[in-house]
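Contents: one structure, followed by commentary.
The values are calculated or read from the model by the stated rules, or taken from the named source; none is laboratory data. As the structure is a prediction and not an experimental result, all values here were calculated from the model. Methodologically, a virtual Cβ is constructed for each residue, glycine included, from the backbone with ideal geometry; neighbour enumeration extends over all protein chains shown. We work out accessible area using only protein heavy atoms, side chains counted, and drop any ligands, DNA or RNA first. Shrake-Rupley method; radii C 1.70, N 1.55, O 1.52, S 1.80 Å.
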Amino acid sequence: MFKNLWQFSKRNAEPQLLLEEFKPRKLQSLSLFELNEFMRRITALNFSEPVWVKAEIAQYNVARGNHYLGLVEKKEDSITAEAEAIIWGNRFFQLRATLEVPVESLLQEGLEVLLKVQPEFHERYGFKLIIQEIDTAYTIGQLALARQKIIKELRSKNLLYKNGSISLPLVIQDIAVLSTKTAAGYQDFMEHLNHNRLGYRFRTTLFPMAMQGDNTVEEALQNLKRIRRSVKSFDCVVIIRGGGAKLSLKAFDDLSLSESVANFPIPVIVGIGHERDESVLDMVAHTSLKTPTAVADFCIAHNFNFENELAYFGRQMVQMVNTKLSGAKLALKGYNATLKHLSQTIAKSEEKQIDSIKTQFPLLVKRRLESNHKDLTHLADKVSLLDLEHTLGRGYSITTDEKGKVLKSPEEVDSKATLITRLKAGTIESRITKK
Amino acid sequence: MEKITYKEAFEELQQIVNDMQNEMVGIDELAEQSKRAAFLIKFCQEKLRTTETEINSLFEEKEK
């Protein structure tokens, strides 16, 4: 029997050969169990060792601790082959411990995987592939390829730096937070924000959502839609998730979510606690930070920067005011000195004038008096002359000696002298007969 | 009293400083402008540290 069974491994082996043992007896049939058991043995014998197989994960779910995958092969979107695969619970724990990447990140619907499987045929459950190992490099490669494809598309639509090009407001105070309330990441974030040493206060609004699992993308998109409706009341959006390499980042490589963030009208800051490469979301977000606490610190630092600029203005003002005031004071002092000097100069020059007037004054007065005197003398002479003429006209005469000296008494002249008498109309010379 | 945003306060502050640097503020206006600048700075610093409802009390104080 075994010899014949080995032939089954050849593709063109005739099935009939194998059923030699079970040559259908004309009046006998096989029980289903017998048939399936036969299948089980055929399978076991032909696959004494596991084989590597490439497939795409169409479904993935966990039940009773075991992981069930629906594997398919597609050719241009239509399925050409299908099989069910299982990772038994204990095997899964082993894998989780030994693989360098989180198993969950590799076992996602839509991903292409390279699996080491032990094909088995079970009488009751039929054909199954029991998964022994997963080739992480292959899947990572596939993941990376998928990511590259998404990044390429985002780049071609000019979305990679769109959100990043929005400027943050001067101060971040109103924050829309996408996270899970119970997650450690969210609580760390709130702790840092609400107890910052600078005393800054923030107004956060939580938009709760699952940060892992199948619904992440959908819930994130819904939340972003809601935020958009009241986008004016927020300064930015924050997407945070507690650390843990064990958690899947698949949602954050999603194209539609990344597009939504890239097109978002206000800055989106993410801190999704990845350990390895950044996800696509990290690339399209305005700012990507390692952890939720780093995001909180970022917001605080941003406001601190603003306050510093204010302080700088304050210092500039003080400096300028002081400069202006001391400048004005100096100018005043200068004016004061100038005024003093000027008034002194004026006073001095006036003094000088007065002095010179003082010294010249007596001289001037004297000269004035003299000239007046002269005038007066002239006048007096004139008057006296007029007076004489008038007196002579009245019949009086003036007697002088020969020398012209006017005689006022007989004693003033000798009896032998000649007398000259001046009358109004002429003169007479005469001799004395008797004195 | 006025309700101003950080942006408005910041821009006004910038303007005051610019004017001063460009010698466009006379000695008489110095006091007025410095007071305004000091108010703007204080306003921002307080706003950073309060939530909306608390800041109204700041204005009430100023009005007195």
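Take segment A:185-201 and flag every residue that is polar (S, T, N, Q) and in a loop (DSSP other than H, G, I, E, B). Scanning segment A:185-201 gives a single hit, A:Asn196.
Residues that are more than 13 Å from every other protein chain (Cβ to nearest Cβ), open to solvent by 60 Å² or more (accessible area, probe 1.4 Å) and closer than 25 Å to A:Leu221 by Cβ within segment A:189-209 comprise just one, A:Pro208. Here A:Asn90 qualifies as exposed (fewer than 13 other Cβ atoms within 10 Å of the Cβ) and over 26 Å from A:Val217 (Cβ atoms). Within segment A:288-300, is even one residue within 14 Å of chain B (Cβ to nearest Cβ) and at pLDDT 95 or above? There is at least one residue in segment A:288-300 that is within 14 Å of chain B (Cβ to nearest Cβ) and at pLDDT 95 or above. Among the criteria (1) modelled with pLDDT under 80; (2) open to solvent by less than 60 Å² (accessible area, probe 1.4 Å); (3) on the phi > 0 side of the Ramachandran plot, the one A:Asp77 does not fulfil is (2).
The set of residues in segment A:377-428 that are surrounded by 12 or more Cβ atoms within 10 Å (Cβ to Cβ) and of a type in the set (Gly, Ala, Ser) comprises A:Ser397, A:Ala417. Do we have any residue at all in segment A:250-260 that's of a type in the set (A, V, I, L, M, F, W, C), under 20 Å from A:Glu104 (Cα atoms), at pLDDT 90 or above and surrounded by fewer than 20 Cβ atoms within 10 Å (Cβ to Cβ)? Checked against the condition, which is being of a type in the set (A, V, I, L, M, F, W, C), under 20 Å from A:Glu104 (Cα atoms), at pLDDT 90 or above and surrounded by fewer than 20 Cβ atoms within 10 Å (Cβ to Cβ), segment A:250-260 yields at least one hit. Would you check if there is a residue in segment B:3-11 being modelled with pLDDT under 90, part of a loop (DSSP other than H, G, I, E, B), under 20 Å from A:Ala311 (Cβ atoms) and more than 9 Å from every other protein chain (Cβ to nearest Cβ)? Checked against the condition, which is being modelled with pLDDT under 90, part of a loop (DSSP other than H, G, I, E, B), under 20 Å from A:Ala311 (Cβ atoms) and more than 9 Å from every other protein chain (Cβ to nearest Cβ), segment B:3-11 yields at least one hit. Taking the stated definitions as given, is A:Asp214 farther than 19 Å from A:Gly164 by Cβ, assigned to a helix (DSSP H, G or I), open to solvent by 50 Å² or more (accessible area, probe 1.4 Å) and not basic (Lys, Arg)? No; evaluated as a whole, the condition is false for this residue. Only residues that are hydrophobic (A, V, I, L, M, F, W, C), modelled with pLDDT of 85 or more, out of contact with any Lys or Arg (no Cβ under 6 Å at 6 or more places or on another chain) and not in a loop (DSSP other than H, G, I, E, B) were counted in segment A:384-419, giving 2.
What are the residues in segment A:43-74 that are charged (D, E, K, R), open to solvent by 60 Å² or more (accessible area, probe 1.4 Å) and farther than 16 Å from A:Ile87 by Cβ, if any?
Applying the first criterion (charged (D, E, K, R)) to segment A:43-74 yields A:49, A:54, A:56, A:64, A:73-74.
Going one step further and asking which of them are open to solvent by 60 Å² or more (accessible area, probe 1.4 Å), we end up with A:49, A:54, A:64, A:73-74.
Passing the criteria: A:Glu49, A:Lys54, A:Glu73, A:Lys74.
Answer yes or no as to whether A:Leu364 is at pLDDT below 85, in a helix (DSSP H, G or I) and under 30 Å from A:Thr418 (Cβ atoms).
Working: at pLDDT below 85: yes; in a helix (DSSP H, G or I): yes; under 30 Å from A:Thr418 (Cβ atoms): no.
No, not satisfied.
A count restricted to segment B:24-42 and to residues that are within 9 Å of chain A (Cβ to nearest Cβ) and outside any helix (DSSP H, G or I) stands at 1.
For segment A:301-310, filtered to residues that are facing chain B (nearest Cβ under 10 Å) and open to solvent by 40 Å² or more (accessible area, probe 1.4 Å), the residue that is farthest from B:Glu32 (Cα to Cα) is A:Phe304.
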